[in-house]
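Accompanying notes for the structure given below.
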Amino acid sequence: MNKLIPLFLKKPQLLIFLFLIISFSFLGFKGKSVNNNSISTDSTDVYVNDNYLRYDDYIYKDNIKTVLFHNLRDELSYPTLPLNSTEKLKLSFDDFAPNLKTYYYTFIHCNVNWTPSDLSPNQYLDNYTEDDIKEYKYSFNTDKAFIHYNLVFPNENINLKLSGNYIIKIYDVDYPDQPVITKRFLVYENKVNINITPKPSVNPNERFSRQEIDFEVNHNNYEISNPYQSITVILMQNYRWDNAISGLKPKYINGSLLDYNYEAVNVFDGNNEFRNFDIKSMNFNSQNVYRVQYDNTEKIMNILLYEDTPRAYKKHYAQPDLNGNFLVKRDESNDTETDAEYVNVTFNLKRDTLRYGGNIYLFGKFTDWKFKDEFKMAYDTINKNYHQTVLLKQGYYNYMYCFVKDGSKNVGDISYIEGTYYETENDYTVLVYYRNPMENFDQLIGMKTKNTNR
């Protein structure tokens, strides 16, 4: 080492050269991204660090919990907004950090494949391009203290001028380059008419397990040039981006009518009705709750659910559900946002043997339809079951169990535990995007949702 020091002192250009190499390597590492043209771009192992901006639903900080995002007219609705309407979206979240923070928000317009569009913020936003979240409340008389933040938009400071895919980005004003939350939402126009026909798959081998979604798009009152090239449609089940179908082209074109009546590429597993549990009240054992017990040491309520069993080879049983959604609510409260408790909920799934080659995860809207480590089940060889304890805010929850093979991050198999049946009630949504040859962005010119039972 003593021989190296004089060398650098005598040749400072060598030291500068090494410094530049290290600097460029660091910058390249920090700026690495993934060129992904698929609909869902989330994968926890493809990003360089936790602060890398994802064009997806993502929570970047452990202190942020229970992020809710919906149309203000219905707290169980999807985050979709008609362009130039009086409707509004509401985003809310809890922060376990002890001190009040100044959170800002901004919007990013995206292409149909959730990559950023070429538009500048001034092209799709009115008034300001960013603003602070002004509404917050402290939790009241809860075991775990938190600060609840609310944001409603469009508002007097920011309005959205164009239709299409959007990301809302929440960040701490002191760290603008480090996102705290990103969420997807849609702003749509009603330029076309969409007719959706759900039915069992016409494939005899899938007749009792999968659902086929045929649909038509009529642009009679809206001129579209070269629909094969300029129109993109996305087909969604229960507003899930992880298994959305894209890339469909019209099978037939009859004047202004685009026909998407396929028999193989527009099918989904019917899956099963969602399991559920009710923890809106801690005063009694409600639906699917086996035991409610307060931990005086940890100062938290522990909820043990009844043990679940696999349903893959059982007869389909119709029961009402929220199609994977969840509702935050406390029965004995005038303000659920601040009074609802955070509780430990323990799930148990009976299985006599460990399933090798993969893991079983809890799955639903409360997991952001993703396979996160906090929702991965552990196997108990003594009790012969899978189990996991999750911190959740009081309410009513839908969930399923999903098997994920080793090496897979974004694709799971619900049918392995839950089964899949053509009779299952599901919501199907068709999104129609149009890229005008004179424009440089994807307009969302039509959106419609159809329930299989209504």
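Of the residues K376, K409, K350, only one is touching a Ser or Thr at 6+ places or on another chain (Cβ under 6 Å), open to solvent by 30 Å² or more (accessible area, probe 1.4 Å) and under 21 Å from A312 (Cβ atoms); which?
K350
Filter the range 336-378 down to residues that are among the hydroxyl-bearing types (S, T, Y), over 28 Å from F69 (Cβ atoms) and in contact (Cβ under 8 Å) with a residue 40 or more places away in the chain, then give me how many there are.
0
Show me the strands (runs of 3 or more DSSP E) entirely contained within the range 284-367 in which 1 or more residues are at pLDDT 95 or above, of a type outside the set (D, E, K, R) and within 16 Å of A378 (Cβ to Cβ).
Result: 300-305, 342-350, 358-363.
For the range 46-90, what are the residues that are without any contact (Cβ under 8 Å) to a residue 12 or more places away in the chain and in contact with a Phe, Trp or Tyr (Cβ under 7 Å, 6 or more places away or on another chain)?
Within the range 46-90, just D50 meets the criteria.
How many of the residues in the range 143-154 are open to solvent by less than 40 Å² (accessible area, probe 1.4 Å) and not in a strand (DSSP E or B)? Talk me through it step by step, then tell me what you get.
Going residue by residue through the range 143-154, those that are open to solvent by less than 40 Å² (accessible area, probe 1.4 Å) are 146-151, 153-154.
Within this subset, residues satisfying the condition of being not in a strand (DSSP E or B) are 146, 154.
Result for the range 143-154: 2.
Taking I39, is it in contact with a strand residue (DSSP E or B) (Cβ under 6 Å, 6 or more places away or on another chain), at pLDDT below 75 and buried (at least 17 other Cβ atoms within 10 Å of the Cβ)?
Values: in contact with a strand residue (DSSP E or B) (Cβ under 6 Å, 6 or more places away or on another chain): yes; at pLDDT below 75: yes; buried (at least 17 other Cβ atoms within 10 Å of the Cβ): yes.
In short, yes.
Mind listing just one residue for me: the one in the range 412-454 that is under 21 Å from A312 (Cα atoms) and of a type in the set (G, A, S) and, of those, surrounded by the most Cβ atoms within 10 Å (Cβ to Cβ)?
G412
Mind checking which residues of the range 368-378 are more than 21 Å from Y290 (Cβ to Cβ) and either charged (D, E, K, R) or in a strand (DSSP E or B) (or both)?
D368, K370, K372, D373, E374, K376
Which condition number in (1) at positive phi; (2) of a type outside the set (A, V, I, L, M); (3) surrounded by 15 or more Cβ atoms within 10 Å (Cβ to Cβ) is the one that G357 fails?
Single failed check for G357: (3).
Any idea which residue in the range 205-215 is surrounded by the fewest Cβ atoms within 10 Å (Cβ to Cβ), counting only those that are over 27 Å from the mean Cα position of the chain (by Cα) and in contact (Cβ under 8 Å) with a residue 24 or more places away in the chain?
Only one residue tops the list, namely R207.
Every residue in the range 216-247 that is among the small types (G, A, S) and over 16 Å from the mean Cα position of the chain (by Cα), please.
S225, S230, S246, G247
Within the set of pairs 6+ apart or on separate chains, which have a first residue in the range 91-105 that is among the aromatic types (F, W, Y), a second that is assigned to a strand (DSSP E or B) and open to solvent by 70 Å² or more (accessible area, probe 1.4 Å), and C-beta atoms under 6 Å apart?
Y104/E130
Sort out which residues of the range 174-204 are in a loop (DSSP other than H, G, I, E, B), of a type in the set (A, V, I, L, M) and crowded, with 20+ Cβ neighbours inside 10 Å, and write them in order of number.
Answer for the range 174-204, where residues must be in a loop (DSSP other than H, G, I, E, B), of a type in the set (A, V, I, L, M) and crowded, with 20+ Cβ neighbours inside 10 Å: just V192.
Six or more apart or on different chains, Cβ atoms under 6 Å: show the pairs whose first residue is in the range 249-260 and within 15 Å of Y222 (Cα to Cα) and whose second is open to solvent by less than 60 Å² (accessible area, probe 1.4 Å) and among the β-branched types (V, I, T).
Qualifying pairs under 6 Å: L258/V217.
Quick one: T66 ticks every box in (1) over 25 Å from L322 (Cβ atoms); (2) of a type in the set (S, T, N, Q); (3) part of a strand (DSSP E or B) except a single one, so which number is it?
Just one mismatch for T66, condition (1).
I'd like the full set of residues that are assigned to a loop (DSSP other than H, G, I, E, B) and open to solvent by 10 Å² or more (accessible area, probe 1.4 Å), limited to the range 391-406. I'd like the intermediate steps shown before the answer.
If we filter the range 391-406 for residues that are assigned to a loop (DSSP other than H, G, I, E, B), which is where we start, we get 394, 406.
Residue satisfying the conditions is D406 alone.
If you go through the range 332-345 one residue at a time, how many are open to solvent by 30 Å² or more (accessible area, probe 1.4 Å) and within 19 Å of R275 (Cα to Cα)?
The qualifying residues number 1.
Could you tell me whether the range 415-434 includes any residue that is modelled with pLDDT under 95, in a loop (DSSP other than H, G, I, E, B) and out of contact with any Ser or Thr (no Cβ under 6 Å at 6 or more places or on another chain)?
no
Tell me which residues, restricted to the range 105-142, are on the phi > 0 side of the Ramachandran plot and exposed (fewer than 14 other Cβ atoms within 10 Å of the Cβ).
Answer for the range 105-142, where residues must be on the phi > 0 side of the Ramachandran plot and exposed (fewer than 14 other Cβ atoms within 10 Å of the Cβ): N127, N141.
Do you know which residues across the range 52-77 are open to solvent by 50 Å² or more (accessible area, probe 1.4 Å) and out of contact with any Lys or Arg (no Cβ under 9 Å at 6 or more places or on another chain)?
K61, D62, D74, L76
Of all residues in the range 379-390, which are open to solvent by 30 Å² or more (accessible area, probe 1.4 Å) and either aliphatic (A, V, I, L, M) or assigned to a helix (DSSP H, G or I) (or both)?
In the first step, residues of the range 379-390 are kept if they are open to solvent by 30 Å² or more (accessible area, probe 1.4 Å); the result is 379-384, 387-389.
Correct list: I382 only.
Applying the selection to the range 81-116, what residues are of a type in the set (A, V, I, L, M, F, W, C), closer than 16 Å to H148 by Cα and in a loop (DSSP other than H, G, I, E, B)? Spell out the reasoning first.
First, pick out the residues of the range 81-116 that are of a type in the set (A, V, I, L, M, F, W, C): 81, 83, 89, 91, 93, 96-97, 100, 107-108, 110, 112, 114.
Now restrict to residues that are closer than 16 Å to H148 by Cα: 91, 93, 96-97, 100.
F96, A97, L100, listed by residue number.
Being touching a Ser or Thr at 6+ places or on another chain (Cβ under 6 Å), assigned to a strand (DSSP E or B) and open to solvent by less than 20 Å² (accessible area, probe 1.4 Å) is the filter here; which residues of the range 230-277 pass it?
Residues satisfying the conditions are I234, M236, V267.
The values are calculated or read from the model by the stated rules, or taken from the named source; none is laboratory data. From a predicted model like this one, the values you see are computed outputs, not experimental measurements. FYI the Cβ positions are ideal-geometry reconstructions off the backbone, even for glycines, and counts take in every protein chain you see. The protein model used for the area step is the full one, side chains on, heavy atoms only, and it has no ligands, DNA or RNA in it. Shrake-Rupley method; radii C 1.70, N 1.55, O 1.52, S 1.80 Å.
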